[in-house]
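Undergrad: Got a structure here, written out as structure tokens. Questions coming.
The values are calculated or read from the model by the stated rules, or taken from the named source; none is laboratory data. Computed from a prediction, not measured in an experiment: that's the story for all the values here. So basically every Cβ, Gly included, is an ideal-geometry build from the backbone, and we count neighbours across all protein chains shown.
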């Protein structure tokens, strides 16, 4: 369903900004909200202390075409473009909201600012300042918007490992027809499938750590591959039909002992920083494959390296690291059973249009005093 939605969006994103086009955008926004299960705030923004219909909003990356398109959702509001934090801070002096900026410098410069919309899902940089809590500024982000694409990236890393693709790429570069498995192909990862550098996903068990917008999309794809899905989340609720067992962070060691593939989709908060450390990796099932598309800071990198060197982990697929980027000479670069991508799991040709559709929808809701989407809880960090 989501795939059909984004294909339709890509075909229609060049519409001229007209009332008819705006109606079509609203229809696509409604489908996006339904398909991804975007969360709506429990109360209208008009009921929040200090809200008033905005007169001036600063917007990052505001092209003339985008201004016209957004203006239909914000009648009577002046939309001011800014390309940098410095420009935004200058323009924010008499602004009521900022889109694409959450820096303390910008918010401090704008004493009237009551809302900030980020263009990303991660908000740890925004919340490194106490200004959101101190001034009660509403913060909204891109939670769940990037889930489908990031889940595809996770499965690409998992499949590359399961089919031994890193080793085959190495053999190809060396001009070798290497069918014989690990002993005949130096550099292939040690896999739990026996002598052959490949194993089937059907019947395997995946543990998803952080069952949110991204984690639920990962689980859906793993289930479609015939995998048993275990998951961890920091909230209560009914057990999703695609998940066999749901636990909390206290259950991590026990669940890790059962998982052939472990996927980290956690946000970075004080509670999750370094949560996957030496005790966790000591508990994982021997030969498990570890994937991180969440935040590098949720993992103790030294403990991860040690688990890979000792064979506790059979390999890793890392889109995020700590530190990031990895410095030259870091041991993870040279490990043949590690696949590293440079924080690109959310990238796709449809990424920009989907983000802007949510920005426009939240802009319309804020101006009209409606219920906002994807509101961040500063106390929880997501």
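Undergrad: Just checking: which of the helices (runs of 4 or more DSSP H) contained wholly in segment 281-382 hold 3 or more residues that are closer than 30 Å to residue 138 by Cβ and at pLDDT 95 or above?
TA: Values: elements: 301-309, 331-334, 351-368.
Because the criterion is at least 3 residues that are closer than 30 Å to residue 138 by Cβ and at pLDDT 95 or above, the helices (runs of 4 or more DSSP H) in segment 281-382 that meet it are 351-368.
Undergrad: Is it the case that residue 60 is farther than 18 Å from residue 375 by Cα and touching a strand residue (DSSP E or B) at 6+ places or on another chain (Cβ under 7 Å)?
TA: Yes: the conditions hold for residue 60.
Undergrad: For the structure I just gave you, tell me whether residue 100 is at positive phi and at pLDDT 95 or above.
TA: In short, yes.
Undergrad: All but one of (1) modelled with pLDDT of 95 or more; (2) over 30 Å from residue 360 (Cα atoms); (3) assigned to a loop (DSSP other than H, G, I, E, B) hold for residue 157; which doesn't?
TA: Against the list (1) modelled with pLDDT of 95 or more; (2) over 30 Å from residue 360 (Cα atoms); (3) assigned to a loop (DSSP other than H, G, I, E, B), residue 157 comes up short only on (3).
Undergrad: Report yes if some residue within segment 358-365 is under 18 Å from the mean Cα position of the chain (by Cα), buried (at least 21 other Cβ atoms within 10 Å of the Cβ) and not assigned by TED's automatic domain parsing to the domain that holds residue 210; otherwise report no.
TA: Applying the first criterion (under 18 Å from the mean Cα position of the chain (by Cα)) to segment 358-365 yields 358-359.
Keeping just the survivors that are buried (at least 21 other Cβ atoms within 10 Å of the Cβ) gives 358-359.
Checking which are not assigned by TED's automatic domain parsing to the domain that holds residue 210 leaves us with 358-359.
Checked against the condition, which is being under 18 Å from the mean Cα position of the chain (by Cα), buried (at least 21 other Cβ atoms within 10 Å of the Cβ) and not assigned by TED's automatic domain parsing to the domain that holds residue 210, segment 358-365 yields at least one hit.
Undergrad: Return the only residue of 266, 239, 255 being touching a strand residue (DSSP E or B) at 6+ places or on another chain (Cβ under 7 Å), within 30 Å of residue 130 (Cβ to Cβ) and not assigned by TED's automatic domain parsing to the domain that holds residue 122.
TA: 266
Undergrad: Another one. Listed residues 116, 151; which is under 22 Å from residue 83 (Cβ atoms) and either at pLDDT 95 or above or assigned by TED's automatic domain parsing to the domain that holds residue 93 (or both)?
TA: Residue meeting the stated conditions: 116.
Undergrad: Can I ask one more? Based on this model, can you work out whether residue 215 counts as under 22 Å from the mean Cα position of the chain (by Cα) and at pLDDT 95 or above?
TA: The answer is yes for residue 215.
Undergrad: Which one of 277, 297, 311 is more than 21 Å from residue 156 (Cα to Cα) and in contact with a helix residue (DSSP H, G or I) (Cβ under 8 Å, 6 or more places away or on another chain)?
TA: 277
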